[in-house]
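The values are calculated or read from the model by the stated rules, or taken from the named source; none is laboratory data. As the structure is a computational prediction, the values presented were derived from the model and not from experiment. Ideal geometry is used to build each Cβ from the backbone, glycine not excepted, and the neighbour counts take in all protein chains shown. Side chains are part of the model used for accessible areas, which takes the heavy atoms of the whole protein and leaves out ligands, DNA and RNA. Shrake-Rupley method; radii C 1.70, N 1.55, O 1.52, S 1.80 Å.
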Amino acid sequence: MLADALFTTPFLDDLLNDETELRYMLAFESALAQVQAEVGDIPASAARAITDVCAQTDWRADIDYIRQQTPLAGNPAIPFVDRLRARVAETDAEAARYVHRGLPVRTYSTRC
């Protein structure tokens, strides 16, 4: 875009690229699953399966899928969670049910 130089810098471009954004989304989902298991909202085995998948490094095809689906979904979270759930299901179908279940109010209020 013509005005890119006004709104970004090479440092920000590197910091806010697709791979970095995905890494932070995976870190969030991993932490969410761990907290949910800690408070008993999901099985510990499901949290381990989710965390293991979040730690995987081969997400290139998934980034392309998320990028293509984001305009259709209106945000990247929907296609990201779809891909994460599918990846977890490949190793543990039961654990896939617990991907991105949300943070209960009681968990939030006791952890902050």
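A Förster radius of 22 Å, combined with the Cβ-Cβ distance separating Ala77 from Gln34, puts the computed FRET efficiency at roughly 0.70. Rounded to the nearest 20, the Cβ-based charge dipole of the chain about its Cα centre (Lys and Arg +1, Asp and Glu -1) stands at 480 debye. For the chain, carbon and sulfur atoms together expose 59% of the accessible surface, with a 1.4 angstrom probe and every protein chain in place.
Can you tell me how much longer the chain between Gln68 and Asp13 gets when fully stretched, taken as 0.36 nm per residue apart minus their C-alpha distance, in nm with one decimal?
Numbers: separation 55, 0.36 × 55 = 19.80 nm, distance 1.95 nm.
Extra length from Gln68 to Asp13 when fully extended: 17.9 nm.
Taking a virtual spin label 7 Å from the Cα of Asp52 along the C-beta vector, which residues in the range 79-102 bring their backbone nitrogen under 19 Å of it? So the set is 83-100.
Put a dot 7 Å past the Cα of Ala44, heading toward its Cβ, do the same for Arg60, and the two dots end up 3.8 nm apart.
Answer with one residue from Leu72, Ala49, Ala31: the one whose Cα lies farthest towards the positive end of the charge dipole of the range 1-86, charges on Cβ with Lys, Arg +1 and Asp, Glu -1. Farthest along the dipole direction, towards plus: Ala49.
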